[in-house]
1. Give the stretch 125-144 a look and list any residue that's surrounded by fewer than 14 Cβ atoms within 10 Å (Cβ to Cβ) and within 24 Å of the chain's Cα centre (by Cα), or say none.
2. Would you confirm whether any residue within the stretch 53-63 is of a type in the set (A, V, I, L, M, F, W, C) and within 19 Å of the chain's Cα centre (by Cα)?
3. All but one of (1) part of a helix (DSSP H, G or I); (2) over 26 Å from residue 100 (Cβ atoms); (3) small (Gly, Ala, Ser) hold for residue 188, so report the exception by its number.
4. Of the residues 81, 110, which single one is in a loop (DSSP other than H, G, I, E, B), under 13 Å from the mean Cα position of the chain (by Cα) and surrounded by fewer than 18 Cβ atoms within 10 Å (Cβ to Cβ)?
5. Which one of the conditions (1) assigned to a helix (DSSP H, G or I); (2) buried (at least 17 other Cβ atoms within 10 Å of the Cβ); (3) more than 17 Å from the chain's Cα centre (by Cα); (4) in contact (Cβ under 8 Å) with a residue 40 or more places away in the chain does residue 147 fail to meet, given that it meets all the rest?
6. Check off (1) part of a helix (DSSP H, G or I); (2) surrounded by 13 or more Cβ atoms within 10 Å (Cβ to Cβ) for residue 76 and give me the number that stays unchecked.
7. What are the residues in the stretch 161-177 that are part of a helix (DSSP H, G or I) and loosely packed, with under 15 Cβ neighbours inside 10 Å, if any?
Amino acid sequence: MRTDRAKAPGQQPPLTQEALVGAALLVLERDGLDALSMRRVAAELGVQAPSLYWHVRNKEQLLDLLADALVADAVPPPRVGDWREQLRAYCHLHRRHLLGKRDAARVVAGRFNLGPSLLVILEDQLDRLREAGFPAADAALTSYLLGNYVAGFVLQEQSPLSAAEAVGQATRTEVVNAAREHLQQLPADRFPHLVALAADLSEPDMEARFAFGLERILDGLATLLEPEPGTR
């Protein structure tokens, strides 16, 4: 990997791709994805922005590297229980991991990341799925499905619920409470279900919402392992 020529004593150490990614992680955590720029990363490193392009082609490549770095410290769950228990543990761990890093879901969502950290995770997932009896193509699609579900859910969790929350005029709790009150005050003759289910629709327990969706996905996946009619 190319590094800049060594500098005089007292100056910044040689620039590397690893240092660049580390600085990008610091900017992401402190300032958020919208503030992440090549200029901001360069300032974090104490260099000029053009010097970064010796190590990455552009910001998009930096985001690819960042997506892999965000899962570098993720640890697969132990192989305890059946396939369903293991996938459940995988998804809950993945969600908590992304939630623990600012804007992480925005970085990883939609990126076909094949960095070294994610490759280890994907190989482990696929091995478990194949061992459980999922056909090859179904195992690949299942890994893709679960990754998308987790990233998409966390993306929603890490996004503001309204313009008021986005600009700091209301907290998340205040937005949820206002939504509940609005639903409860709708004309019941026209919106009977919305009024009756106002509390459920505005339930702020995201852990419960995530678990509900995940269990339904696992229910569907279980049908892929059921014997075809007439083959028992």
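Every number in this text was worked out from the coordinates using simple rules, so none of it is lab data. Here the structure is a predicted model, which means the values were calculated and not measured. Backbone-built Cβ (ideal geometry, glycine too); neighbour counts: all protein chains shown.
1. So in the stretch 125-144, the residues surrounded by fewer than 14 Cβ atoms within 10 Å (Cβ to Cβ) come out as 127, 131, 133, 135-137, 144.
Scanning the stretch 125-144 gives 127, 137, 144.
2. Our first condition is that a residue be of a type in the set (A, V, I, L, M, F, W, C); within the stretch 53-63, this holds for 54, 56, 62-63.
Those still in the list that are within 19 Å of the chain's Cα centre (by Cα) too: 62-63.
Yes: one or more hits.
3. (1)
4. Values: 81 fails: under 13 Å from the mean Cα position of the chain (by Cα).
That would be 110, the only listed residue that is in a loop (DSSP other than H, G, I, E, B), under 13 Å from the mean Cα position of the chain (by Cα) and surrounded by fewer than 18 Cβ atoms within 10 Å (Cβ to Cβ).
5. In the conditions (1) assigned to a helix (DSSP H, G or I); (2) buried (at least 17 other Cβ atoms within 10 Å of the Cβ); (3) more than 17 Å from the chain's Cα centre (by Cα); (4) in contact (Cβ under 8 Å) with a residue 40 or more places away in the chain, residue 147 misses (3) alone.
6. (1)
7. Once the filter is applied, which keeps residues that are part of a helix (DSSP H, G or I) and loosely packed, with under 15 Cβ neighbours inside 10 Å, the stretch 161-177 yields 163, 164, 166, 172, 173, 174, 177.
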